[in-house]
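None of the figures in this text is laboratory data; all of them are computed from the coordinates on show. Note that the structure is predicted; figures quoted are calculated from it, not measured. Neighbour counts run over all protein chains shown; Cβ positions are idealised from the backbone, glycine included.
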Ligand code: TRP
């Protein structure tokens, strides 16, 4: 039995934060041993919310460095830019005929983005975001897509498009499934449901000890825990949700110390900051390695693009054949 395939990706918005790691990247690294993996830098998708492309290349390299620093292995997991493989655009066009505008307007991830970014007029390409994402996944016949929770509605659309294509032209594509982690969504420092660069509530994977402490000081806590010794409710506290992920071995103690008022929020935050820094230490080390070897990073990208392109070309000829186009 050949290994099943993974295709996943992220938009290159620059350096990644711990929400990216917890929501997706951790899973990518683990799964690259079980699946044949492909990872995409979704640089065309950036255009859905910003037409300024001047930083896209640099941001792509920064993101790639974070991926490598977290343990993605370029031999097991080719990594490539969407814009460098023309088949993404080609399959996107075909898929855009297989889904209705109505269906795309019902996409809750789009609605959230419109609200968060105060978008007044939605561009055509933004509405079509999940269609391009479907092309990304299905060009590589991805069976599984490890992503954060906010992406699940997109994968549902991908399944519908795959089904529609297969019914119309014959079986080519698998119906991809989202693979979620236990912490598929990490709360932002301010308590917002999502950690996101545009909301300014992140801890970056490259943040040093001092920065993390400073960021942590501002983290949202149970608003009723007014003084150091007031009993608190950990379930209403963002810091506690980070302890759950990064300090799991002491979670019982943190929980009871908070509830009986024997720990103040400042101390609790500093404990959490130390745990996060510990966790990030090896990632930061590896990041430094790649930062000083940018040529090696670029080589990794180019060989990823050669491998990706080969698969994408094969799928596109199969599509053209089934559709009797050419
Ligand atoms: N929409 C994804 C995100 O925001 C990025 C993405 C683009 C993607 N293409 C993909 C994810 C294909 C998984 C599969 O982060």
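Per Stokes-Einstein, at 20 °C and 1.002 mPa s, what whole-number D in µm² s⁻¹ belongs to segment 69-189, with the Kirkwood radius over Cα pairs as the hydrodynamic radius?
Here the translational diffusion coefficient equals 136 µm²/s.
Tell me the angle of helix 265-291 to the major Cα principal axis of the chain, expressed in degrees between 0 and 90 and rounded to the nearest ten.
The angle comes out at about 40 degrees.
Taking the number of other C-beta atoms within 10 Å as the exposure measure, put 31, 117 in order starting with the fewest. Walk me through the numbers on the way to the answer.
Details: 31 18, 117 11.
Exposure proxy ranking, most exposed first: 117, 31.
In whole angstrom, and with the biggest value first, how far do the Cα coordinates of segment 89-134 range along each principal axis?
Per principal axis, max minus min of the Cα coordinates gives 30, 18, 16 Å.
Taking the 0 to 90 degree range and rounding to the nearest ten, how far is the long axis of helix 294-322 tilted relative to the main principal axis of the chain, both from C-alpha atoms?
50 degrees
Distance between Cα centroids, segment 1-67 to segment 181-237: provide it in whole Å.
Cα centroid to Cα centroid, the span is 24 Å.
Arranged by the count of other C-beta atoms within 10 angstrom, fewest first, what order do 159, 320 take?
320, 159
Before rounding to the nearest 500, sum -39500 (n - 2.57) across all DSSP H runs of length at least 4 in the chain and divide by the residue total; then give [θ] at 222 nm in deg cm²/dmol.
Rounded to the nearest 500, it is -15500 deg cm²/dmol.
How long are the three semi-axes of the equivalent ellipsoid for segment 157-227, computed from the Cα gyration tensor as the root of 5 times each eigenvalue, in whole Å, largest first?
Numbers: eigenvalues 361, 42, 19 Å².
So the three semi-axes of segment 157-227 are 42, 15, 10 Å.
Give the calculated FRET efficiency between residue 112 and residue 244 to the nearest 0.05, with a Förster radius of 22 Å applied to their Cβ-Cβ distance.
0.40
Could you give the angle, 0 to 90 degrees to the nearest 10, between helix 129-139's Cα long axis and the longest principal axis of the Cα atoms of the chain?
Between helix and principal axis, roughly 70 degrees.
So if I take the alpha carbon set of segment 1-145, get Rg, then get Rh from the Kirkwood formula, what is the Rg over Rh ratio?
Taking Rh as the inverse mean 1/r over Cα pairs, Rg/Rh reads 0.96.
State the percent of C-alpha pairs, over all pairs in the chain, separated by a distance greater than 36 angstrom. It would help to have the intermediate numbers written out before the result.
Values: 12598 of 52975 pairs.
Distances greater than 36 Å cover 24 percent of the Cα pairs.
Across 5 Å bins from 0, what is the distribution of all Cα-Cα pair distances for segment 210-251, in whole percents?
5, 22, 24, 28, 19, 3
Express the Stokes-Einstein translational diffusion coefficient of segment 206-287 in µm² s⁻¹, to the nearest whole number, given a Kirkwood radius over alpha-carbon pairs, 37 °C and a viscosity of 0.692 mPa s.
Diffusion coefficient, whole number: 255 µm²/s.
For the residues 100, 315, 48, what sequence is obtained by ranking on other C-beta atoms within 10 Å, fewest first?
By the 10 Å Cβ count, ascending: 100, 315, 48.
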